[in-house]
1. Between the stretch 229-246 and the stretch 279-325, how many Å separate their Cα centres?
2. For helix 346-356, what angle does its Cα long axis make with the longest principal axis of the chain, in degrees from 0 to 90 and rounded to 10?
3. Please give the length that would be gained between residue 68 and residue 373 if that part of the chain were fully extended, namely 0.36 nm times their separation in residues minus their C-alpha to C-alpha distance (nm, one decimal).
4. Fewest first, what order do 315, 26, 190 take by the number of other Cβ atoms within 10 Å?
5. Quick one: compute the contact order of the stretch 26-102, relative version, from alpha carbon pairs under 8 angstrom and 6+ residues apart, as a percent.
6. Taking only DSSP H segments of four or more residues, each worth -39500 (n - 2.57), what value at 222 nm results for the chain once the sum is divided by all its residues, to the nearest 500 deg cm²/dmol?
7. Give the order of 33, 81 when sorted by the count of other beta carbons within 10 angstrom, beginning with the fewest.
8. Between residue 254 and residue 354, take the C-beta separation as r, use R0 = 51 Å, and let me know the FRET efficiency to the nearest 0.05.
């Protein structure tokens, strides 16, 4: 078997099925990433969503029998929304990050990887594969970097010369011995914009992220958002793009190569108030196809309440009062109490006082007191 010829054929076929970039690397241990992950664990910087076994994250032989090489793929996604609706008084809107626009990228990349598997299998019937996207054991960024897809930026994203960091990544471990491509040299240089502007200081330094402080992670948590991050959230409902939008390598990068990734403006930038009372069925029907829905509606609703507080949207006061009176979830009731305090006004104050006399949950009571303190001027910032 001429594997060099097969490699070139795979590269050509990948273009036919909508893979924007492809690279090949060895199946050896990712030693540099192992050291980085061990340090992340020691510092408590992990998100908790990752594979717990660090050895499996860096050693392909622990998750695949007899690996010979890894194929990495990248698909570019849009950075600009066509016909984006405007947020205005009484009709304030939140925003999903760009990586959650369109159809869930896990499905899109798995489709491309599946087609690639079928093609290779047709050429080499004894070929074996293990494909993964984001939720697999291996670190996508480490594979993509070593396969020459791009370099690992200071914002912890893989940056490609062609598409910037606006790319989804996936990989396929195989038992076929493809020649590896050359990794790309780091091109961030002295630029430190992403580190400097990170809203919460989650980028501790170039290439090191404290996920516990990252807004992209925080928007996916289900409990009360810690006080120090509430004023940093803005109108973000899911994810954060700040470290990408400031990157000079992303300037002018906006690719609409895949119809599945085109955002529905009313989903990617939805009205906030309707989110407060959306049912589980309605949420699944409207948002279930986007990656930002994977944690369910609760984090999105909590973030929508915080966004209304960010806007100081007085028209939302009746909606927030109704949430406090009717919602059975303490996190949602408590966040609404805090938001009422941030928005302010006599109506909000009276409602908080009235509900305080009825509320039984201690955490919600604490949030009501926060709201009242903000209203009274004793606590200006949280």
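1. So the two Cα centres are separated by 16 Å.
2. With rounding to tens, the tilt is 80 degrees.
3. Net length gain for the segment: 103.6 nm.
4. Listed from fewest to most nearby Cβ atoms, that is 190, 315, 26.
5. Worked out over the stretch 26-102, it gives 31 percent.
6. Mean residue ellipticity, 222 nm, calculated: -11500 deg cm²/dmol.
7. Ascending number of Cβ neighbours within 10 Å: 81, 33.
8. 0.55
The numbers here are math on the coordinates, done by the rules we state, and not lab data. As the structure is a computational prediction, the values presented were derived from the model and not from experiment. Reconstructed Cβ throughout: ideal geometry from the backbone, glycine too, with neighbour counts over all protein chains shown.
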